[in-house]
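Beneath this line is the structure, given in structure tokens, with notes to follow.
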Amino acid sequence: DNDKPEECNVCFSNYDEELRRPRTLLCGHTFCTQCIEDTIKNFQLICPSCRAEHSATAATQFPINYGMEAFIKKFKSMQVTSVRAPTAKPGQTHTRGISKKLRSMVQEHKNSINNLISECEEVLSQLGKYQGQVRDWKTQHHQLQDRLYDLVEQNKAVIELLEQQDTSVLNMTTEGETGKKQLQTMLECLNTVNTVKEVVTTIEEVDQYNMEAEDWIQKCQELFPDVNTVCTSVKVQETIKKALDMMITETSTTAVPIILGDCGFSIMEKVMRIVGENPLKKLTVDDLRGMSESIKRLVEAGLVLAVQQDQDDLCYSRITLQDGQLYLHALQHQPPPTHTHTIQVTEVMEALESSSTLVFIDLAWPGSLRRRLHILLDTDTMMARQFVLLCTGQHQSGSSYLNTKLLKVWNKGEPGECVMAGDYQYNNGEGGAPLLPHQRDHQYQKSGSAGSVVSQYWPWGDQSAQFCITTRDFTDGGQWPRVFGKVVRGLDVVRAVVDHSDITEVTVVDCGVVFTF
């Protein structure tokens with residue numbers, strides 16, 4: 001094989017923008033236009049690489065590989081240097097490896113894969129929830145079928161539709177799992193590439209798998225949910241329930257016209273919009289405490305928001321359900337989406353446990369998916385109350401820890417190591433003015449153990465909004481003063497941050513509080 005990406009593997013001539021433009025066969029291999037033209041015999045073309053047979057009359061029926069052309073333009077501006085190592089024998093050379101620009105390209109593809117994996121996981125999660133809903137509907141229809149003989153045929157037709165939808169979801173789920181594994185394999189390959197040839201070959205494969213993953217995500221959004229299946233299922237269910245008192249109702253299986261758009265909503269959001277089983281209403285804390293199945297489905301679909309009047313405008317916080325716990329996310333200073341159920345932010349906050357509050361912070365950095373830590377706060381302290389305001393964005397100034405960067409690692413590798421963060425003003429360590437009036441309270445604890453959340457004195461004294469999270473125990477009996485919280489889950493995330501090459505690349509991408517009714 002030719003390891004020069006700018007050359008055709010048949011004629012070894014450089015690709016150009018005229019007679020020798022790169023074209024890709026259906027089998028995936030790329031050659032210049034002239035060689036493809038010369039290889040066509042009797043309306044057949046045999047791939048010079050894999051010997052696959054293709055029907056062809058002219059080279060122009062095969063698409064130009066624009067990705068290859070773009071890569072070659074970039075590649076020509078890069079250099080991979082080889083030097084002789086001090087210990088090399090005469091006549092031998094050792095390569096330093098790929099250039100910084102090429103490594104940057106590899107990192108871009110790694111980031112792209114990580115993003116696609118996240119999207120795949122989100123769509124797979126939505127498919128799982130949707131599949132659970134489809135199977136719930138199937139069960140309901142089977143139960144109704146035993147009681148209503150006059151609607152058996154109609155009910156069977158709905159079950160068949162749901163079976164088809166169930167099979168389609170299962171098939172797409174299997175395809176998605178396979179695609180995700182392929183992306184993960186490519187990510188591992190990119191971590192191990194050492195030569196130009198390996199980079200070129202791997203990136204070609206990555207581009208192909210990226211395209212397949214994007215097509216799969218788009219296909220899921222287009223296929224699910226099936227409007228006719230969902231509408232018919234709901235309509236027949238309602239009709240059968242009414243018929244339980246011996247009143248047989250004639251029902252239509254024609255779906256009402258609903259325009260969902262392409263990718264504006266998640267799969268479960270589209271399901272809830274089609275079903276429309278609950279009129280929009282204002283919820284209460286009791287609705288969340290005793291969460292019925294219908295409320296649970298609304299929360300999972302992202303259709304329940306906490307709202308707050310912000311001067312002349314209404315703003316909102318997302319409420320999500322994860323691992324059986326409800327999360328209130330940082331306030332978004334923009335009008336809430338339409339077609340959502342709402343609850344007042346103040347009502348939610350007043351219902352939280354008064355003695356302690358569990359908050360969450362999501363961190364992300366280049367080459368890594370977002371990772372979460374949970375912090376249990378002692379709300380008897382001013383710093384803890386201020387911390388809650390900055391995690392939820394509910395202070396009248398609108399200030400929040402959202403999108404702030406971590407600042408530095410103190411005492412790295414030594415006892416008492418800690419990570420500094422919390423400059424919501426300037427994001428450089430020189431901000432973080434207190435939000436609450438100065439007060440002297442003496443409720444703070446002392447601790448020398450890792451996972452402590454400590455008030456940072458500089459640059460605003462003991463009221464600063466900046467804070468530290470300790471990642472190593474003190475070994476000499478030392479203790480941190482003014483401890484107002486403890487990391488109860490996710491300390492490994494903070495320790496991983498310490499090992500990152502540039503701490504200021506780590507960003508708070510989400511934060512808020514966890515409901516502990």
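The values are calculated or read from the model by the stated rules, or taken from the named source; none is laboratory data. These numbers come from a predicted model, not from an experiment. Glycine gets a Cβ as well: all are built from the backbone with ideal geometry, and neighbour counts include every protein chain shown. For the accessible areas, the whole protein counts, side chains as well, though only heavy atoms, and no ligand, DNA or RNA atoms are used. Shrake-Rupley method; radii C 1.70, N 1.55, O 1.52, S 1.80 Å.
Figures for the structure shown
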quantity	calculated
Scan of the stretch 487-515 for residues that are surrounded by fewer than 20 Cβ atoms within 10 Å (Cβ to Cβ), over 17 Å from the mean Cα position of the chain (by Cα) and in a strand (DSSP E or B), ordered by number	V488, R489, V514
Residue check for N210: open to solvent by 90 Å² or more (accessible area, probe 1.4 Å) and polar (S, T, N, Q)	no
Pair list, Cβ under 9 Å, 6 or more apart: the stretch 404-427 residue on the phi > 0 side of the Ramachandran plot, other residue assigned to a loop (DSSP other than H, G, I, E, B) and of a type in the set (F, W, Y)	G416/F474; G422/Y401
Qualifying residue in the stretch 329-341 (condition: over 30 Å from E108 (Cβ atoms) and more than 27 Å from the chain's Cα centre (by Cα))	no
Answer residue from the stretch 23-46, given it is closer than 21 Å to I203 by Cα and of a type in the set (A, V, I, L, M, F, W, C) and is farthest from the chain's Cα centre (by Cα) among those	C32
Residue satisfying all of: in the stretch 34-53; touching a residue at least 24 places away in the same chain (Cβ under 8 Å) and assigned to a loop (DSSP other than H, G, I, E, B); farthest from E7 (Cα to Cα) among these	A52
From the options N114, N155, residue that is within 24 Å of G367 (Cβ to Cβ), open to solvent by less than 20 Å² (accessible area, probe 1.4 Å) and out of contact with any Lys or Arg (no Cβ under 8 Å at 6 or more places or on another chain)	N114
Subset of the stretch 56-108 [open to solvent by 70 Å² or more (accessible area, probe 1.4 Å), at pLDDT 80 or above and not in a helix (DSSP H, G or I)]	T57, P63
Residue pairs meeting the criteria (Cβ under 6 Å; at least 6 apart or on separate chains; first free of Cβ contacts under 8 Å to residues at least 60 places away in the same chain, in the stretch 231-243; second small (G, A, S))	C231/A255
The stretch 353-389, subset small (G, A, S) and over 23 Å from P481 (Cβ atoms), residue modelled with the lowest pLDDT	S354
Hey, Q133 at pLDDT below 80, in contact with a helix residue (DSSP H, G or I) (Cβ under 9 Å, 6 or more places away or on another chain) and assigned to a helix (DSSP H, G or I) or not	yes
Selection status of D462, modelled with pLDDT under 90, acidic (D, E) and open to solvent by less than 80 Å² (accessible area, probe 1.4 Å)	yes
Count of the stretch 362-382 residues which are within 22 Å of I117 (Cβ to Cβ), in a strand (DSSP E or B) and either open to solvent by less than 60 Å² (accessible area, probe 1.4 Å) or aliphatic (A, V, I, L, M) (or both)	5
Yes/no for T192 being among the β-branched types (V, I, T) and either in contact with a strand residue (DSSP E or B) (Cβ under 7 Å, 6 or more places away or on another chain) or open to solvent by 70 Å² or more (accessible area, probe 1.4 Å) (or both)	yes
Residues that are among the β-branched types (V, I, T), under 23 Å from N9 (Cα atoms) and in a helix (DSSP H, G or I), drawn from the stretch 183-227	V196, V199, V200, T201, T202, I203, V206
Residue, surrounded by the most Cβ atoms within 10 Å (Cβ to Cβ), within the stretch 292-337, restricted to residues that are in contact with a Gly (Cβ under 8 Å, 6 or more places away or on another chain) and of a type in the set (S, T, Y)	S317
Filter result (surrounded by fewer than 16 Cβ atoms within 10 Å (Cβ to Cβ) and either within 19 Å of F71 (Cβ to Cβ) or under 39 Å from the mean Cα position of the chain (by Cα) (or both)) within the stretch 1-17	D1, N2, D3, K4, F12, S13, N14, D16, E17
Condition met for E177 (modelled with pLDDT of 90 or more and assigned to a helix (DSSP H, G or I))	yes
Output for the stretch 338-348, where each listed residue is open to solvent by less than 40 Å² (accessible area, probe 1.4 Å), under 25 Å from H374 (Cβ atoms) and not in a strand (DSSP E or B)	V345, V348
Among (1) at pLDDT 90 or above; (2) within 20 Å of I361 (Cβ to Cβ) - the single one Q456 does not satisfy	(1)
